[in-house]
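Everything below concerns the one structure shown next.
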Amino acid sequence: MANAMLHQTVGTLQLLSNSGTHWEVGNNSVRLFPKSFKLEVGISKRGTYSSGERKFSVIQASASQTSVYNPVLSTSDNGTHESRKKSNEAALILVRHGESLWNEKNLFTGCVDVPLTKKGVEEAIEAGKRISNIPVDMIYTSALIRAQMTAMLAMTQHRRKKVPIIMHNESEQAKAWSQIYSEETMKQSIPVIAAWQLNERMYGELQGLNKQETADRFGKEKVHEWRRSYDIPPPNGESLEMCAQRAVAYFKDNIEPQLLSGKNVMIAAHGNSLRSIIMYLDKLTSQEVISLELSTGMPMLYIFKEGKFIRRGSPVAPTEAGVYAYTRRLAQYRQKLDEMLH
Ligand SMILES: O=C(O)[C@@H](CO)OP(=O)(O)O
């Protein structure tokens, strides 16, 4: 009861905090200390709020006890954040979206936002089955619906039945409104970060054109160069190199730190944004990347260990024993699965 009252009050504080530094709300006084990440709650006739740190939400508090929850730093699985940081191992799953309506029609898609076909939906579900036993702590998708559909559909198959929740970071208000104030609910969810940097490369004037017709018109070699070379952009579009400048930079700045802290991450993205990331992970040359092709809806597993990415290919089935041997945590998880099954 006290908690419910507190959550409501803190929610009000967050909504009001855009408008100044002092407020009075009801009979509860709440004071935020932005640097110390501490929330003080007291009961008095009139209250005063000061400061407006809104990067975290409160999940548990009483008049004498306080705690603060940061969804990005939290661990959703067994083991503390610190112990996992020390272990320095994590799994990385990359999955290209399932077949889209424009894949089916053989059109250059780029950053046009088209959904999955029925086959694409099935591929995403199949991808989910293949990785259903690998614990996932965070999901990154592009801002495009075909990648987001793939991530969501795949997670419907996941053994843990956690709920993927899109973290809306586009404005402070959206962030504040989508806060979750229950620790229990937070534990059962997986944060999903949608980032435009992971979008498909912009195909410029080719977007919407039929690939076969374009090859007939400009020549097979030219179109192959536009589609697969590293540094030759399609007319008014992005080359793979340009796509890498945003996608790989995003990966290094945002995703690698999560892996470093021991979180297992899934990325649902696109043929070319993933090609650029794989080029980085596998240290491919600009010649080698030409022949790198990715199938739709096929998850690929990497293990991040001691700062290195080890490619483990595509898990063929959810129970594939080999997948779990690569990190201590996955091995423990596998053992637990076995115990539960016997
Ligand atoms: O059309 C696109 O956006 C991409 C991916 O489907 O095509 P390509 O394989 O030619 O890079």
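The values are calculated or read from the model by the stated rules, or taken from the named source; none is laboratory data. Computed from a predicted structure; not experimentally measured. A quick note on method: Cβ atoms are made from the backbone with ideal geometry, for glycine too, and the neighbour counts reach across all protein chains shown. Areas reflect the complete protein model, heavy atoms only, side chains present, ligands, DNA and RNA absent. Shrake-Rupley method; radii C 1.70, N 1.55, O 1.52, S 1.80 Å.
Quick check, is residue 185 without any contact (Cβ under 8 Å) to a residue 24 or more places away in the chain and within 30 Å of residue 331 (Cβ to Cβ)? When the stated conditions are applied, residue 185 passes them. Please identify the pairs in which a residue from the stretch 142-163 that is at positive phi has its Cβ atom under 8 Å from the Cβ atom of a residue that is surrounded by fewer than 23 Cβ atoms within 10 Å (Cβ to Cβ), counting only partners at least 6 apart or on another chain. The qualifying pairs are 161/188.
Considered as a group, the residues in the stretch 292-317 that are over 19 Å from the mean Cα position of the chain (by Cα) and assigned to a strand (DSSP E or B) include one that is surrounded by the most Cβ atoms within 10 Å (Cβ to Cβ), and that residue is 305. Note on the stretch 88-129: residues that are within 19 Å of residue 212 (Cα to Cα) and open to solvent by 50 Å² or more (accessible area, probe 1.4 Å) amount to 5. Kindly indicate whether any position in the stretch 258-278 is among the basic types (Lys, Arg), more than 30 Å from residue 118 (Cα to Cα) and open to solvent by 10 Å² or more (accessible area, probe 1.4 Å). No; the residues of the stretch 258-278 include none that is among the basic types (Lys, Arg), more than 30 Å from residue 118 (Cα to Cα) and open to solvent by 10 Å² or more (accessible area, probe 1.4 Å).
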